[in-house]
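Working notes, beginning with the structure itself.
Where a number appears in this text, it was derived from the coordinates with a stated rule and is not lab data. For clarity, every value in this text was computed on a predicted model and none was experimentally measured. Positions of Cβ are backbone-derived with ideal geometry, glycine not excepted, and every protein chain shown enters the neighbour counts.
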Amino acid sequence: MTTAKTVIIEEFGGPEKLKIVDREVGEPGPGQIRIRHKAIGLNFIEVYQRTGLYPLDLPASMGMEASGIVEAVGEGVTHLKVGDRAAYTSMPPGAYCEARVMPAAQVCPLPEAISFEEGAAMMLKGLTTHYLFRRTTPIEKGDWVLFHAAAGGVGLIACQWARAEGINLIGTAGSDEKCALARENGAVETINYRTEDFAKRVREITGGRGVKVVMDGVGKDTFEGSLDSLEEFGMMISFGNASGAVPPFNIGLLGPKGSLKITRPTLYTHIGNHERCQQMAKELFEMVTSGKVKMHIEQTFPLEQVADAHRALEGRKTTGSTVITL
Ligand code: NDP
């Protein structure tokens, strides 16, 4: 029996609630593995879990994404073996730790060409980009898409993904520097939504028509403007709430705004099936090993400073991906 440093919360609240404890790590049961982490990914969902917006049963282990080496394999696990390099995003949380026992189904063999840091930076954010572009609504070459927080973790992957597939991505971001970064990564146009009316600018850019799809992870502050940026029959994908949860709204508004569609997806439905998760990961790895998508790890924090990592992410101080090092 070994012990591993593990980050938990005992109550919901600010970053100061993140607490490091030593936890015993046992042997994997049927369908499980034990993995020793090399790097851990930071994601906005962990802010929602920490504050209680997405409630967890307390006390709760934290963290949704990591990479490492498989140390032990339970009965019935056939896609991984001891010594394999691997990366994952999966439920239940618990990735902020040195080692853990966890369900194997969503753990994916990591190609040699992808580093542990890149693996930890890309599973949650990259698989999200995959389902947004390939599994949610038809999007073809030449289509216009509006993507909010385009210089963020999911954002910089989305910019590159769109460029690789010939999709015209308009990115919003909270500073001119962030807008420039989104353009460098493939956004064809950017809008600083702190200084400009983004819905008005989207109409100008698209010759009055609007975009076919909005991908909105910002939530409360952008929701209405997002609906006003869509073309007739357009699709609103509301997939996050960095500025706060979208309040209840009148579905009747979708008619006069142009017979709009709206969906509120979560990655964990898309990767809930083992075979589908492994296939999506293979397609994501292909995007990265082919050079079409590059991981931008712009910030790293040691595990002991995980609270500072949360402060930076919530404070809009980060760009691209953030990795917790061990
Ligand atoms: P980001 O790195 O994109 O960080 C969030 C960004 O949101 C900030 O950098 C900031 O960019 C922008 N933002 C706008 N308003 C605020 C605000 N009031 N407070 C804080 N940030 C704000 O995070 P992730 O890449 O981890 O995630 C992006 C979004 O996607 C999140 O909402 C996340 O929950 C969601 N998500 C949803 C998934 C799903 O399946 N439903 C899966 C993965 C992610 P700027 O300064 O440019 O405005």
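Some points to look at:
- Region 258-326 and region 82-97 have Cα centres lying 14 Å from one another.
- Simple point charges give the picture: +1 on the Cβ of Lys and Arg, -1 on the Cβ of Asp and Glu, and for the chain a dipole about the Cα centre of about 440 debye.
- Ordering 213, 320, 186 by Cα displacement along the dipole of region 186-326 toward the positive end leaves 213 in first place; charges were set at the Cβ atoms of Lys, Arg (+1) and Asp, Glu (-1).
- Net charge dipole size for region 147-210 [Lys, Arg +1 and Asp, Glu -1 on Cβ; Debye, nearest 20]: 160 debye
- Calculated P(r) of the chain - Cα pairs past 35 Å, %: 20 percent
- Note on region 137-264: dipole from Cβ charges, positive end direction compared against 230, 155, 248; the farthest Cα belongs to 248.
- Highest mobility in the GNM of the chain, judged by mean-square fluctuation with C-alpha springs under 10 Å and restricted to 303, 254, 146, is found for 254.
- Note on region 137-264: Rg/Rh from Cα positions, Kirkwood definition for Rh, rounded to two decimals, is 0.93.
- When only the Cβ of Lys, Arg, Asp and Glu is charged (+1, +1, -1, -1), the dipole of region 137-264 relative to its Cα centre reaches about 200 debye.
- Cα gyration tensor shape for region 21-123, rounded if a/c is under 1.5, else prolate or oblate: oblate
- Considering only 42, 156, 313, the mean-square fluctuation computed in a Gaussian network model of the chain, springs between alpha carbons under 10 angstrom, is largest for 313.
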